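Asker: Handing you this structure, nothing more for now.
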Amino acid sequence: MWTLVSLIIGSTVGAGIFALPQQAASVAGPGAMLIGWGIAGVGMLSIAFVFHALAIRKPNLDSGVYSYVRAGLGDFVGFASAWGYWLGSVIAQVGYATLFFSTLGHYIPLFDPENQLASAIAVSVLTWVIFFMLTRGIRQAAAMNVVTTVAKLLPIFAFLILVAFVGFSWDKFTFDMWGSHGETGSLLDQVKGMMLFTVWAFIGVEGASVYSKQARTRKDVGRATMIGFIAVLALLVSVTTLSYGVLTQQQLAALGDNSLAAVLEAAVGPWGGLLVSLGLCVSVLGAYVSWQMLCAEPISLMAIDGLLPARFGKFNKAGAPFSAQLISTTVIQICVIIFFLNETTYTSMVQLATMMYMLPYVFSSLYLLLLTTRGKGITHPHAGTRFDDSGPSVTGRENRRHLMIAVIAFIYSLWLFYAADITYLLFGTLLVLPGLVPYIWQRVKTGEKWFNTFEWVIVAAVIIGAGFAVYGLSTGALSL
């Protein structure tokens, strides 16, 4: 169980926590921030338990979180979810690297935020160096995981202790409790603004459920999810709350991407900022290697499952998914160029990546909702295989509990789409659109039906949204 707990904490507490003080203050005052975390706590815990419930009901589905969506709602919705999760990881990669080099820029003038070309070149070089490492079959060693985990947790705990006992001021925290002195809008606007940042901070909370088939017991998965989630939530809320007691909301909002370091520097001096910055750099570098490796997984799985051409899932002699790694690295490089030309900020990358991550979350919640109310999902073209609706029976009490979880998670997911900036919704549909080409190509090749009725509705929504995005880009009304 404690291995599962550590998996949740390790995969959830990443680079995002180092940017949280500035991100939260840019959209919300202290009061709205706490309300936002309260909503996120209930919502993200329900999403984590959606995957736990689906793992219990569908133990035969083991192609990652997207396999539930595919089994319950159809091939294309499953494909779109995996495609979105993959693109979210790709965009997150560029965001991690941006945060890494902007932190270095505080100490090395070459990577100053004003000199974006140097950072873009450095990101590109780093990305391709890691690609060549991974294609040789090199995997991130356990020792590296330990080093990066300690490197990110030690400065965070140091931040909490030092700020709580040295730098925190209750008067400063309560000075503008509801953000009325800033330009963040009404209380509802502030809470809505917090939503995507809170989701970004919780990406990976489904980790224990994903590995549930390897757990000693199913109860361990549930306990680990609850313990790990509470630990992560306490860490995130503490970091954000204490920051408001060191600097005002306006001062926090004006900080750079590595705002955690700036807050500690304001509390105890330059050495505090350096401590956090070193932890951030080691943590992000380790995350960059592991996530670039994981970026290839959705492509490989979709190729193996027949949703993409089989050659995309081939492994080289070293046992590495060469084609999937090459595709992912190439797309990362394209994103670096696009984001560089548009001078896209780390915050914008975070919000766009989060929008893509939401696809498997909302559709998995919908599938569990269908299972608990009608006993099955939407008819799948491969009925009678591992995608049918058979599985271990659940008691009426368990089903009612799963129904409650599904309702909360689905409503929360829809709320997140409502709370999101329309710009990121439209760009999200534009990013999904190119996936139609390889998907339809593969369906034609195998002679299978392109879409079911529900999927046609999703495809229509994607095309319409992408059309608005293209129009907005052409007129200058939309930009990243």
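The values are calculated or read from the model by the stated rules, or taken from the named source; none is laboratory data. All of these numbers come straight from a predicted model, not from anything done at the bench. All Cβ positions, glycine included, derive from the backbone under ideal geometry; neighbour counts span all protein chains shown. The accessibility values were calculated without ligands, DNA or RNA, using every heavy atom of the protein model including side chains. Shrake-Rupley method; radii C 1.70, N 1.55, O 1.52, S 1.80 Å.
Asker: Can you flag which of Lys58/Lys192; Lys172/Lys192; Lys58/Lys219; Lys314/Lys445 are past 26 Å Cα-Cα?
Answerer: Too far apart for the 26 Å limit: Lys58/Lys192.
Asker: Which chymotrypsin sites (Phe, Trp or Tyr not before Pro) from segment 52-142 combine a DSSP loop assignment with at most 16 other Cβ atoms within 10 Å?
Answerer: In loop regions of segment 52-142 (DSSP not H, G, I, E or B), the sparsely surrounded chymotrypsin sites (Phe, Trp or Tyr not before Pro) are Tyr107.
Asker: Please calculate how many Å² of accessible area segment 194-323 carries per residue, with a 1.4 Å probe and no DNA, RNA or ligand atoms counted.
Answerer: Per residue, segment 194-323 has 37 Å² of solvent-accessible surface.
Asker: Okay, next question. Report, in degrees rounded to the nearest 10, the 0 to 90 angle that the Cα long axis of helix 30-57 makes with the longest principal axis of the chain.
Answerer: With both axes taken from Cα atoms, the answer is about 30 degrees.
Asker: While we're on this one: Apply the a/c threshold of 1.5 to the C-alpha gyration tensor of segment 1-145 and tell me whether it is rounded, prolate or oblate.
Answerer: The shape class here is oblate.
Asker: Rounded if a/c is under 1.5, else prolate if a/b is larger than b/c, else oblate: which is segment 1-410, with a ≥ b ≥ c the root eigenvalues of its Cα gyration tensor?
Answerer: It comes out oblate by the Cα gyration axes.
Asker: Here is a follow-up. Taking 7 Å along the Cα-to-C-beta vector as the label spot, tell me the Leu403-His181 distance in nanometres, rounded to one decimal.
Answerer: Taking the two extended label points, one gets 5.0 nm.
Asker: Please turn the phi angles of segment 449-466 into ³J(HN,Hα) values with the Karplus equation 6.51 cos²θ - 1.76 cosθ + 1.60 (θ = phi - 60°), one per residue in order, whole Hz, x for glycine and proline.
Answerer: Values per residue, Gly and Pro as x: 4, 5, 9, 8, 4, 4, 5, 4, 4, 5, 4, 4, 5, 5, 5, 5, x, 5 Hz.
Asker: Name the aspartates and glutamates eligible as straight-distance cross-link partners of Lys376: C-alpha to C-alpha under 18 Å, and not fewer than 8 places from it in the same chain.
Answerer: Asp75, Asp388, Asp389, Glu398, Glu455
Asker: Between helix 187-202 and the chain, what is the angle of the helix's C-alpha long axis to the longest principal axis, kept within 0 to 90° and rounded to the nearest 10?
Answerer: For 187-202 against the chain, the angle is about 70 degrees.
Asker: What is the helix-to-structure angle for 322-341, meaning the angle in degrees between its Cα long axis and the longest Cα principal axis of the chain, kept from 0 to 90 and rounded to the nearest 10?
Answerer: The helix 322-341 is inclined about 40 degrees to the chain.
Asker: I'd like the carbon and sulfur percentage of the solvent accessible area for the chain, probe radius 1.4 Å, heavy atoms only, ligands and nucleic acids excluded.
Answerer: 69 percent
Asker: The chain: longest stretch without exposed GluC sites (Glu not before Pro) (DSSP loop, at most 12 other Cβ within 10 Å), sites themselves excluded?
Answerer: Excluding the exposed sites themselves, the longest stretch runs over 184-342.
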